[in-house]
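The values are calculated or read from the model by the stated rules, or taken from the named source; none is laboratory data. Since this is a predicted model, take the numbers as computed values, not measurements. Cβ: placed from backbone, ideal geometry, glycine included. Neighbour counts: every protein chain shown.
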Amino acid sequence: MFPDSNIAQTFNMETKILSYVISHGLGPFFHRNLVEDIRQCERFVLCSDEQKNCQNNKQLDIIFKYWSVKNQRVVTRYYKSILLGHAPAHVIRDHIINSFRTDGIDIKRLLMIGRDNPNVNKTIEKLIDEEMKKVGGELLKLGSCHIHVVHNTFKSGTTTSHWYIEDFCIDVWSWFRHSLARKEDFIKISEELNETVEKNILYFVCTRWVLLGKVVNRILTQWEILNEYFLVYLPENDKTKIKENKKYNSIKSYLSSH
């Protein structure tokens, strides 16, 4: 910065001081951007985690999950950290509500409170729900852990469809996982087709069904190459190796039927 300034060229700052400059200098800018973005969304999820920091003080970290109009996708954004002394549920509730009020965030847009353990934050959730009802709002309750409920809903949907798309995704990923030779052949095929393999096939985690869409989209970007590789290249060049390979036969069956 300031290439024409001799003072700036010899400027030094310790790591700790620099962190303060970034936190207190740039932090408010990013916080304002977040608040502006969150005000535009219809609903958002609040996630919080209470723990001790490096100074042995209780700290409440708050993040938002929401559909960002600006980014046109679901995002997870850090909101703020609150230092606590004694932290009964009503104190945490007050901190959250006061923070919303200060930033002009409408509490009625709060969809649900996320938690990674079904047995924590129950009282906080109840108290915030009571506050929302006072202004005509209410939390969406899907059970003890909404993440598992939503993921299992998608699982039930894919199971009912009998597409078995998750098996296909896992088979394709594992086919290339530990074989540099297979990856090299795949890239060679892509070059012959004047295609570019910019990213690897993603791994599908069977407990995260909502994320299956990302895995499928990545496969679709390479669909033509996959067809050429599995249905043409391998039968012509590795006929013996794939003859009794169950994984190959499964992939071939899926590609041939679509």
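Residue-by-condition table, conditions (1) surrounded by 16 or more Cβ atoms within 10 Å (Cβ to Cβ); (2) part of a strand (DSSP E or B); (3) not assigned by TED's automatic domain parsing to the domain that holds M132:
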residue	(1), (2), (3)
F30	no, no, no
L34	yes, no, no
Q59	yes, yes, no
T102	no, no, no
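Screening the stretch 192-235 for residues that are part of a helix (DSSP H, G or I) and of a type in the set (F, W, Y) and picking the one that is surrounded by the most Cβ atoms within 10 Å (Cβ to Cβ) gives Y229.
When each of K52, K16 is tested for being farther than 30 Å from L111 by Cβ and either basic (K, R) or not assigned by TED's automatic domain parsing to the domain that holds R115 (or both), the lone residue that passes is K16.
Being within 21 Å of the chain's Cα centre (by Cα), β-branched (V, I, T), surrounded by 15 or more Cβ atoms within 10 Å (Cβ to Cβ) and not in a helix (DSSP H, G or I) is a property that I82 lacks. When the stretch 136-155 is filtered for residues that are charged (D, E, K, R), more than 24 Å from W223 (Cα to Cα) and within 19 Å of the chain's Cα centre (by Cα), nothing remains.
Of the residues H90, H95, H148, the single one that is surrounded by 16 or more Cβ atoms within 10 Å (Cβ to Cβ) and either of a type in the set (A, V, I, L, M, F, W, C) or part of a helix (DSSP H, G or I) (or both) is H95.
Just one residue in the set T158, T123 is at pLDDT below 90, under 21 Å from the mean Cα position of the chain (by Cα), among the β-branched types (V, I, T) and farther than 30 Å from S23 by Cα; that residue is T158. Looking across the stretch 4-17, the residues that are modelled with pLDDT of 80 or more and either part of a helix (DSSP H, G or I) or on the phi > 0 side of the Ramachandran plot (or both) come down to T15, K16, I17.
Restricted to the stretch 201-240, and to residues that are polar (S, T, N, Q) and at pLDDT 90 or above, which residue is farthest from the chain's Cα centre (by Cα)? Here the residue is N237.
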